[in-house]
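Written below as structure tokens is the structure these notes are about.
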Amino acid sequence: MLIVSGAAYIGDLQLDNSFAWLGTPSALTMLSVAALAEVLAYYVPVIDNLLDTLATPAALIAGTIVSAAVMTDVPPMVKWTAAVIAGGGIAGLTQGLTGMLRAHSTVLTGGFGNPIIATVELGGALLISFLALVAPAAAIALVMLFLLVAIRLLRRLFGGTKSSDSRT
């Protein structure tokens, strides 16, 4: 939301009229403070896992709002359906997967591996956000690639390899 707010504030992104508040100095300031607090919190053991519990539902809401905000001249039914499915769904799934990766990292490394996940998550979020502004199709492709890689990684971490039943 911070990137959308900044892009709207400087005039690089046109928002739907009902979301014009995102391009105001107040929104930009509030979202900047919130983003800084969130990034710093992800580097604090225990707080990072607690934050994941809160961030997953928030990601659904934020993804829906951002998606709806950038859909101009779209009928309301189409706008909100697409915003919930595409924006909220992908944001929630992405946050949920990173939360599960972080929880697994906490168990495996005692939390020492979590800053690596936080750094990769921050870099990925910045990359996707900026890419979504300049090359939306590339951003969508990158998100899909991330989701596929994350799902495969989680299957390996949580599922292991299935042993075959060898009967003689």
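Residues that are in a helix (DSSP H, G or I), closer than 30 Å to Gly159 by Cβ and at pLDDT 90 or above do not occur anywhere in region 15-36.
For region 16-55, a residue qualifies if it is under 15 Å from Leu122 (Cα atoms) and among the acidic types (Asp, Glu), and the qualifying residues are Glu38, Asp48, Asp52. Does Val46 satisfy being of a type in the set (A, V, I, L, M) and touching a helix residue (DSSP H, G or I) at 6+ places or on another chain (Cβ under 9 Å)? The answer is yes for Val46.
Residue selection: Val39 fails the criterion of being crowded, with 17+ Cβ neighbours inside 10 Å, farther than 21 Å from Arg156 by Cβ and of a type outside the set (Ser, Thr, Tyr).
When we screen Pro136, Pro45 for residues that are under 21 Å from Leu2 (Cα atoms) and either touching a residue at least 24 places away in the same chain (Cβ under 8 Å) or of a type outside the set (A, V, I, L, M) (or both), the only hit is Pro136. Scanning region 76-100 for residues that are loosely packed, with under 14 Cβ neighbours inside 10 Å and at pLDDT 90 or above yields Met77, Val78, Thr81.
The values are calculated or read from the model by the stated rules, or taken from the named source; none is laboratory data. Worth saying up front: this structure is predicted, and the values here are computed from it rather than measured. Every residue, glycine as well, gets a Cβ built from its backbone with ideal geometry; the counts of neighbours run over all protein chains shown.
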